[in-house]
1. Taking 2.2 N^0.38 Å as the expected size of a compact globular protein, what ratio does the Cα radius of gyration of segment 103-190 give against it, to two decimals?
2. So how tilted is helix 68-79 from the main axis of the chain? Cα-based, degrees 0 to 90, rounded to 10.
3. So, in nm, how far is label residue 140 from label residue 124 when the simple model puts each one 7 Å beyond its Cα toward the Cβ?
4. Any idea what the alpha-carbon Rg over 2.2 N^0.38 Å comes to for the chain?
5. Where is the GNM fluctuation largest for the chain (alpha-carbon springs, 10 angstrom cutoff): 122, 48, 67?
6. Report, in degrees rounded to the nearest 10, the 0 to 90 angle that the Cα long axis of helix 178-189 makes with the longest principal axis of the chain.
7. How much length would be gained if the chain were fully extended between residue 77 and residue 45, taking 0.36 nm per residue of separation minus their Cα-Cα distance, in nm to one decimal?
8. Using only the alpha-carbon atoms, how far is helix 102-113 inclined from the longest principal axis of the chain? Give it as 0 to 90 degrees, nearest 10.
């Protein structure tokens, strides 16, 4: 028993007194301050979409959920003229399901699914190299209601016209399910 207590004490001291191996990441004050790069290589901030309702999705071309591109395009077409936009961010974080170049990914999305909503350069959505957008989306500081790590491809975040994270949907939540369409319609109307 004495050794168990000593081991727990050493473990507690070690864990509280050693620095984390993951570097501290600065969290943006506003989603609109975050810089992203379009597939064409243009660097912009998300302020370009200020005043719009935004659905942010981490995508992958070789995933069981890849067919959701059809639903995402349908959702975009249905509400794009009402101040709604979908922003796609390819990532290769889950079983290397998006290994292609940005050009290959964009071509795949357009040819196979007719994607016309904005797609951005491939980024990391988890781990040490996590893009600042996903630091913002998953942090309890900026997103106390919907924080938490990205669990798989096609996690979705709904952003209000004033830049607040107002909902989050799992990979299995299909874009044209009433759960998502109702949330989008409500957000557009606000």
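None of the figures in this text is laboratory data; all of them are computed from the coordinates on show. As the structure is a computational prediction, the values presented were derived from the model and not from experiment. Backbone-built Cβ (ideal geometry, glycine too); neighbour counts: all protein chains shown.
1. Working: Rg = 14.2 Å, N = 88, 2.2 N^0.38 = 12.1 Å.
Compared with the compact-globule rule of thumb, segment 103-190 sits at 1.18.
2. Once rounded, the angle reads 60 degrees.
3. Placing both labels 7 Å beyond Cα along the Cβ direction yields 2.3 nm.
4. 1.17
5. Judging by the Gaussian network model, the answer is 48.
6. Tilt of helix 178-189: around 70 degrees.
7. Values: separation 32, 0.36 × 32 = 11.52 nm, distance 2.34 nm.
This chain segment gains 9.2 nm when fully extended.
8. 50
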